[in-house]
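In what follows, a single structure is set out as structure tokens and then discussed.
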2 protein chains.
Amino acid sequence: MILDRFKVPQGDVVRVPEAALRQTAQVIFERMGVAPDEAAEATDVLVMTDLRAVETHGVSNMLRAYVRDYRDGKLNPAPGWRLERETPGTAVIDAERRLGLITGPRAMRLAMDKARTVGVGVVNVHNSGHFGAIGHHALLAAEHNMVGVCFTGAGLSVVPTFASRPLIGTNPIAIAAPARNEAPILFDVATSAIAGNKIRLAMRVGAPLLPGWVADKEGRPLSEDTLVHDRSEFLQLPLGGTREQGSHKGYGFALMAEVLATLLSGALPSMLDPAGGSKNHFAAYNIEAFTDLERYLDTMDEMLETLRTAQPAEGHERVLYPGLSEHEETLARRAHGIPLHQEVIAWFNSITAELDLPPLQTM
Amino acid sequence: MILDRFKVPQGDVVRVPEAALRQTAQVIFERMGVAPDEAAEATDVLVMTDLRAVETHGVSNMLRAYVRDYRDGKLNPAPGWRLERETPGTAVIDAERRLGLITGPRAMRLAMDKARTVGVGVVNVHNSGHFGAIGHHALLAAEHNMVGVCFTGAGLSVVPTFASRPLIGTNPIAIAAPARNEAPILFDVATSAIAGNKIRLAMRVGAPLLPGWVADKEGRPLSEDTLVHDRSEFLQLPLGGTREQGSHKGYGFALMAEVLATLLSGALPSMLDPAGGSKNHFAAYNIEAFTDLERYLDTMDEMLETLRTAQPAEGHERVLYPGLSEHEETLARRAHGIPLHQEVIAWFNSITAELDLPPLQTM
């Protein structure tokens, strides 16, 4: 669910059919040297993310970044898949700079194989490109009667509580869990006060940043509404913003992600190796190893329905659970197209022209 | 690390030696019908928690609650240990209302056994009494070259984002990870804006609650400093406080704990079964299954030293990492005694008199 201030203004919206977006993204990946099956995997993660209205991590911000990184040699379009350590329940993979949109589903499927055998599977990946919205990878497990969990260590934009410069990344954490009739739980958040892409998004739509969301360049939390003119004027804060409001918890969750994703991969955190790429921890829990699946699904539905139908507080329309609006948005966007900012369409037109491809079809 | 406003005022402090506190707590548990080895386990969790200065979860608030619950029959002093499901990597235990201070270490040791065999071990426990500060259980793994993680589903005091009544618990999350020369990482937080015990602690020391920490009885977040006269006048908010400040993230972390601790245990969340007791998820990751232990320890020390020695922001003395102040406090309190509020000493005097035990020895 995205705050209204971040939505693309109606006058700037161009709607694109899901199939058209898939077709264009697929060929762009292929032109970068990615094999068709891997291009399809990357496209699926990106388009599903836009269908879920997680616009910070969809095609608008990310596809151009991936194109740039393939061209700069930061991403390897055709790497190997190096298994560094393996036990019945665990594995560690060197991704050799493969895009994380591709390593993520592959790692989660390996974790699921292990969970089928020993109840739980954990696969760590390091030296990888960007994983996109990691909730997507967690949801793969939920589609197979498992609970999926991801922790990511990546980036160097967030100032630890009381510090004066960024030493940690936005280090997202995600969980997905199946339900029977309710939407699956899909929780996927940066451990920073706001995702890094939200600062760029706010700049694009002209929305102010709220107090506690960012710090100045000396690490002092800003205490009033602030318009973004230059992304580089701001440092990110951990979830909570200030110590009094719990930033030590956001900072700690970021370190939890760093331990599980980076340290367990035998990799270096970004503060020690800024160019080291993304590190990720994928866990799959086989529900039937823990309890009766039907009982689990009944309880999950009853819990989610209780939340969804709870009386809202004054001034609010309804109570959500994580994944509900993403599920509803997917149905709506499949029916009515994916809204993109006209500036994003202009980028698509320029890249397709440059690569001598047909333009992105709009509605 | 505790905010100054929550510290026991100097004039009210009575210092108690660690050994004396252990001795008195041990016999109180034994008088409740707990076997000596289990009483020693529970005492260890409680006293280590006070040594770490996690006063919300030490003897001051909790021991009297446990005594009350043993006397009311809510806690079973001599239950069985029923293994409901088991695979090479997982197990689910019905704790039969055993105090969580005792089930926690036992469950984590079983998770560690599994992690030695298949790389990772997950043990879920339900129908349990209170687990105390769950970071203690995570730290058991860190003492054996593993990473320990705990998620708890318990209580019914926190209002989901946009809701008007409490439907979730403070559902804490903890991780502990070993270092070589630095203190081990020990992160243990409620997913609510503040721990439930902090409201009682604020009342005891006469400190105000800050904006965004609590809601009124209709679920509206309070927007100014508020003194607590009656605990029941307030509802807790998720970490973040308001939607704009990220309360949907705190709410989501609480549900993450509920899924991993409660749903995977085959148990019901508190919103569906308020008397159902605590549910917990204990995970142990065997570092050597993932990477070279020496490399891990080098990296961890380098990361923690980088954080500890980082230039602080204006107005702050130093940068901490989770577990550093707990480590320092343990050394200081072992040397100079554990500071308790005189009101707590008075409770000890009354319970020891009632049970015909020697009084708690103070310094």
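The values are calculated or read from the model by the stated rules, or taken from the named source; none is laboratory data. It should be emphasised that the depicted structure is a prediction, and the values quoted were computed from it without experimental measurement. All Cβ positions, even for glycine, are placed from backbone atoms using ideal geometry, and neighbour counts span all protein chains on display.
Brief remarks follow.
- Looking across region A:272-294, the residues that are surrounded by 21 or more Cβ atoms within 10 Å (Cβ to Cβ) and more than 17 Å from A:Ala107 (Cα to Cα) come down to A:Ile287, A:Ala289, A:Phe290.
- Given (1) within 14 Å of chain A (Cβ to nearest Cβ); (2) more than 26 Å from B:Leu139 (Cβ to Cβ); (3) at pLDDT 95 or above, index of the condition B:Leu355 fails: (1)
- Filter result for the condition that a residue is buried (at least 24 other Cβ atoms within 10 Å of the Cβ), under 15 Å from A:Gly323 (Cβ atoms) and touching a Ser or Thr at 6+ places or on another chain (Cβ under 9 Å), over A:Ala176, A:Ala154, A:Ala133, A:Ala141: A:Ala133
- Boolean, B:Leu297 is of a type outside the set (Ser, Thr, Tyr), surrounded by 18 or more Cβ atoms within 10 Å (Cβ to Cβ) and within 30 Å of B:Leu21 (Cβ to Cβ): no
- Qualifying residue in region B:317-324 (condition: over 24 Å from the mean Cα position of the chain (by Cα) and either surrounded by 14 or more Cβ atoms within 10 Å (Cβ to Cβ) or in the same structural domain as B:Gly129 (by TED's automatic domain parsing) (or both)): yes
- If you go through region B:266-324 and pick out every residue that is of a type outside the set (Gly, Ala, Ser), at the interface with another protein chain (Cβ under 10 Å from one of its Cβ atoms) and more than 15 Å from A:Thr262 (Cα to Cα), you end up with 18.
- For region B:266-289, filtering for residues that are in a strand (DSSP E or B) and touching a Phe, Trp or Tyr at 6+ places or on another chain (Cβ under 7 Å) leaves 3.
- Within region A:72-99, tally of residues that are in contact (Cβ under 8 Å) with a residue 60 or more places away in the chain and of a type in the set (A, V, I, L, M, F, W, C): 3
- Scanning region A:178-194 for residues that are over 16 Å from A:Pro221 (Cα atoms), under 15 Å from the mean Cα position of the chain (by Cα) and among the small types (Gly, Ala, Ser) yields a count of 1.
Listed here are the residues, each with its yes/no results for (1) at pLDDT 95 or above; (2) closer than 26 Å to B:Thr291 by Cβ; (3) surrounded by fewer than 16 Cβ atoms within 10 Å (Cβ to Cβ).
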| residue | (1), (2), (3) |
| --- | --- |
| A:Val47 | yes, no, no |
| A:Leu51 | yes, no, no |
| A:Ala65 | yes, no, yes |
| A:Thr87 | yes, yes, no |
| A:Val92 | yes, yes, no |
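- When region B:162-211 is filtered for residues that are touching a Pro at 6+ places or on another chain (Cβ under 7 Å) and over 30 Å from A:Gln311 (Cα atoms), the ones remaining, listed by number, are B:Ala176, B:Ala177, B:Pro178, B:Pro184, B:Ile185, B:Leu186, B:Phe187, B:Asp188, B:Val205.
- Qualifying residue in region B:162-172 (condition: at pLDDT 95 or above, within 12 Å of another protein chain (Cβ to nearest Cβ) and surrounded by fewer than 18 Cβ atoms within 10 Å (Cβ to Cβ)): yes
- In a residue-by-residue description of region A:296-311, the property of being out of contact with any Ser or Thr (no Cβ under 8 Å at 6 or more places or on another chain), over 23 Å from B:Arg165 (Cα atoms) and outside the structural domain of A:Ala138 (by TED's automatic domain parsing) applies to no position.
- Filter result (more than 7 Å from every other protein chain (Cβ to nearest Cβ) and assigned to a loop (DSSP other than H, G, I, E, B)) within region B:234-265: B:Phe234, B:Leu237, B:Thr242
- Filtered residues of region B:134-149 (kept if away from every other protein chain (no Cβ under 11 Å) and on the phi < 0 side of the Ramachandran plot): B:Ile134, B:His136, B:His137, B:Leu139, B:Leu140, B:Ala141, B:Glu143, B:His144
- When A:Tyr251 is tested against the conditions (1) touching a residue at least 40 places away in the same chain (Cβ under 8 Å); (2) touching a helix residue (DSSP H, G or I) at 6+ places or on another chain (Cβ under 7 Å), the lone failure is (2).
- Among the residues of region A:218-232, those identified as surrounded by fewer than 18 Cβ atoms within 10 Å (Cβ to Cβ), away from every other protein chain (no Cβ under 12 Å) and over 17 Å from A:Ser192 (Cα atoms) are A:Glu224, A:Thr226, A:Leu227, A:His229, A:Asp230.
- A count restricted to region B:101-124 and to residues that are aliphatic (A, V, I, L, M), farther than 26 Å from B:Phe29 by Cβ and part of a helix (DSSP H, G or I) stands at 2.
- Count of region A:39-57 residues which are closer than 17 Å to A:Asp69 by Cβ, in contact (Cβ under 8 Å) with a residue 60 or more places away in the chain and touching an Asp or Glu at 6+ places or on another chain (Cβ under 9 Å): 1
Results for (1) under 30 Å from B:Leu210 (Cα atoms); (2) crowded, with 24+ Cβ neighbours inside 10 Å; (3) of a type in the set (Gly, Ala, Ser), shown as yes or no for each residue.
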{"residue": "B:Gly80", "(1), (2), (3)": "no, no, yes"}
{"residue": "B:Leu83", "(1), (2), (3)": "no, no, no"}
{"residue": "B:Glu96", "(1), (2), (3)": "no, no, no"}
{"residue": "B:Gly100", "(1), (2), (3)": "no, yes, yes"}
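- Residues of region A:303-353 satisfying the condition of being of a type in the set (Val, Ile, Thr) and closer than 15 Å to A:Ser60 by Cα: A:Ile338, A:Val344, A:Ile345, A:Ile351, A:Thr352
- Checking each residue in region A:325-345 for being of a type in the set (A, V, I, L, M, F, W, C) and surrounded by fewer than 16 Cβ atoms within 10 Å (Cβ to Cβ) picks out A:Leu331, A:Ala332, A:Ala335.
- Flag if A:Thr103 is of a type outside the set (Lys, Arg) and either within 13 Å of chain B (Cβ to nearest Cβ) or more than 29 Å from A:Leu324 (Cα to Cα) (or both): no
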